[in-house]
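Q: Provided herewith is a single structure, encoded as structure tokens, for subsequent inquiry.
Nothing in this text is a laboratory measurement; each read-out follows from the coordinates by a stated rule. Everything numeric in this text was worked out from a predicted model, so none of it was measured. So basically every Cβ, Gly included, is an ideal-geometry build from the backbone, and we count neighbours across all protein chains shown.
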Amino acid sequence: MLKVSEENKLLSEIEADPQPSNSTYNPLLFLFLGISSLVGWSATLSSIPYFQKQYPNYSIEFYLPIPYFVAGIIVGFSMPKASLFISQDLRIIVSLLIQIFSLIALTILGKYQGDSCNFLFIKKTIIKDFILLMIDSFFIGLSSTILQSSGLGLASKTDKRNISLFSIGTALSGLSIAALRVILEQYVEDKYDSILIYLNISNFLNVLTLIIYFYYMRKLKVLRKTEQFGVCQTFYNTTKKAFPIPLLIFINYLQTFMLFPGLSLQYKFDENLEKLGGVLLLLDFSIGDLIGKTLAGFVKTQTQERIIGLIIIRFAFYFNFIQLALGNFDNDWIAFTNMFLFSFLNGYITTSLYILGPQKISNIGLDEQKYNQEIEKVGFVSGFSLFAGIMIGSFLSLSFQNVKQD
């Protein structure tokens with residue numbers, strides 16, 4: 001009888017990830033997980049101008065994000081269930097490796113283009129290059145979403161500080177690429193050289209994150225104990241417990257990506273900033289987002305009511321950006337100030353909701369392991385809501401494409 005008990009104890013230790021305490025991980029890990037979760041996609045977006053020239057007859061700016069969004073929705077929806085039998089270590093390590101190789105593939109696709117010829121009335125470049133580019137976008141979305149969901153889920157099981165650091169890392173990824181883009185626009189003429197720099201720096205950060213994670217990780221585990229609910233039921237149960245946090249995250253990012261970058265970049269700068277104006281607005285957004293995400297981590301008490309109020313206030317930016325695009329607010333400083341406030345609120349609300357999410361889970365009637373699993377799943381659902389908001393907001397932004405100054 002004692003032998004059976006010891007075997008069951010050993011099996012439990014193998015199947016379940018040890019629950020992290022505040023001292024299990026170095027805060028640096030969460031910062032770099034946040035950076036890597038978005039830096040690959042930030043670099044990919046920065047490469048769009050180059051691919052627009054490679055495929056002038058196709059709307060790359062519209063098509064390239066689609067596979068990324070599809071991968072994100074699939075992963076985000078299934079993650080609360082998948083996390084119960086695929087360990088956190090395996091998810092993070094494999095997603096980093098997929099992202100590294102996907103960005104390498106993107107540099108190859110950018111360099112070597114197939115010769116044009118007709119195949120079933122479709123150019124070979126579409127069959128060989130364009131479709132490969134879409135497939136690569138899918139894998140970048142796959143890796144980014146797994147990494148973001150797993151990183152946020154892990155941070156949610158520790159403390160407010162690590163949640164804030166993860167969120168700050170996501171902002172730093174956008175800021176680093178935006179700042180780099182300002183520099184390259186001035187000093188590098190060859191667009192391929194620019195995307196080569198973007199993607200190589202992104203992969204350097206990914207490799208650094210991988211090294212840091214290997215250093216702090218526990219013994220690698222592949223399988224975890226599963227539960228009786230299916231994917232849909234698990235997702236529904238977690239969303240219900242965390243409500244309305246997932247809905248608020250969705251609305252926040254729906255607002256952001258309906259207006260940014262599309263409508264927000266329709267503003268026409270004066271002659272002095274005509275070339276760099278749009279790039280500086282992107283940098284302005286990244287700075288405001290970073291400051292907002294950082295300050296939210298220092299607020300002692302976050303309240304759901306305050307965040308709902310800030311989300312309602314953000315609807316005023318629809319009017320602001322439309323007026324800027326129409327030229328009714330013809331002042332560069334107004335454009336920069338408006339963008340900063342818009343992105344600041346985006347960052348502040350994001351970190352605040354990430355912190356409030358785990359607080360929705362009660363530990364009454366749950367052992368420590370089950371309680372931490374429930375908190376982790378809230379992180380997954382939060383990541384899915386963010387991704388869904390980005391996707392739907394990006395599509396709805398097309399309704400503003402004709403709003404611009406004559």
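Q: Between helix 304-314 and the chain, what is the angle of the helix's C-alpha long axis to the longest principal axis, kept within 0 to 90° and rounded to the nearest 10?
A: Around 10 degrees separate the two axes.
Q: Can you list which of the trypsin sites (Lys or Arg not before Pro) found in region 297-382 are DSSP loop residues with at most 16 other C-beta atoms within 10 Å? The partial results should precede the final answer.
A: Values: sites: LYS300, ARG306, ARG314, LYS360, LYS370, LYS377; in loops: LYS300.
Listed in order of number, the matching sites are LYS300.
Q: Given only helices, namely DSSP H runs of n ≥ 4 each adding -39500 (n - 2.57), what is the per-residue ellipticity at 222 nm of the chain, to the nearest 500 deg cm²/dmol? Walk me through the numbers before you get to the answer.
A: Values: 16 runs with 290 residues, N = 406.
For the chain, the value works out to -24000 deg cm²/dmol.
Q: Quick check: convex hull of the Cα atoms in region 221-327, volume per residue, rounded to a whole Å³? Working shown, then result.
A: Working: hull volume 20.2 nm³, N = 107.
Dividing the Cα hull volume of region 221-327 by its residue count gives 188 Å³.
Q: Give me log10 I(q)/I(0) at q = 0.21 Å⁻¹ for region 233-293, Debye formula, one equal scatterer per alpha-carbon, no solvent.
A: So the normalised log intensities are -0.89.
Q: Based on the alpha-carbon gyration tensor of region 341-382 and its eigenvalue square roots a ≥ b ≥ c, which shape applies: rounded if a/c is under 1.5, prolate if not and a/b is larger than b/c, or oblate? Don't jump to the answer; show the numbers that get you there.
A: Values: a/c = 5.18, a/b = 3.12, b/c = 1.66.
Judged from the Cα gyration tensor, region 341-382 comes out prolate (a/c at least 1.5, a/b above b/c).
Q: I would also like to ask the following. What is the helix-to-structure angle for 65-82, meaning the angle in degrees between its Cα long axis and the longest Cα principal axis of the chain, kept from 0 to 90 and rounded to the nearest 10?
A: Helix 65-82 and the main axis of the chain meet at about 10 degrees.
Q: Need one word for region 61-103: rounded, prolate or oblate. Basis is the Cα gyration tensor (sqrt eigenvalues a ≥ b ≥ c); a/c below 1.5 gives rounded, then a/b vs b/c decides. The partial results should precede the final answer.
A: Working: a/c = 5.18, a/b = 1.43, b/c = 3.62.
Oblate, since a/c reaches 1.5 and b/c is not below a/b.
Q: Hey, another quick one. Note down the Stokes-Einstein diffusion coefficient of region 283-376 in µm²/s, whole number, using a Kirkwood radius over alpha carbon pairs, 25 °C, and 0.890 mPa s.
A: On the way: Rh = 15.2 Å.
Here the translational diffusion coefficient equals 161 µm²/s.
Q: Enter the mean projected area of the convex hull around the alpha-carbon atoms of the chain, in nm², rounded to one decimal. Please report the intermediate quantities before stating the final value.
A: Numbers: hull surface 91.2 nm².
For the chain, the mean projected area of the Cα convex hull comes to 22.8 nm².
Q: Please work out whether region 291-338 counts as rounded, prolate or oblate from its C-alpha gyration tensor, where a ≥ b ≥ c are the square roots of the eigenvalues and a/c under 1.5 means rounded, while otherwise a/b larger than b/c means prolate and anything else oblate? All intermediate terms of the calculation are to be shown ahead of the outcome.
A: Numbers: a/c = 5.51, a/b = 2.03, b/c = 2.72.
Because a/c hits 1.5 or more and a/b fails to exceed b/c, region 291-338 counts as oblate.
Q: Now a separate question. Please check: in the Gaussian network model of the chain (C-alpha springs, under 10 Å), which one of GLY153, GLY389, GLY277 has the largest mean-square fluctuation.
A: Greatest mean-square fluctuation among the candidates belongs to GLY277.
Q: Compute the relative contact order of the chain as a whole-number percentage, counting only Cα pairs closer than 8 Å that sit 6 or more residues apart in sequence.
A: Working: 593 pairs, mean separation 110.9, N = 406.
Relative contact order comes out at 27 percent.
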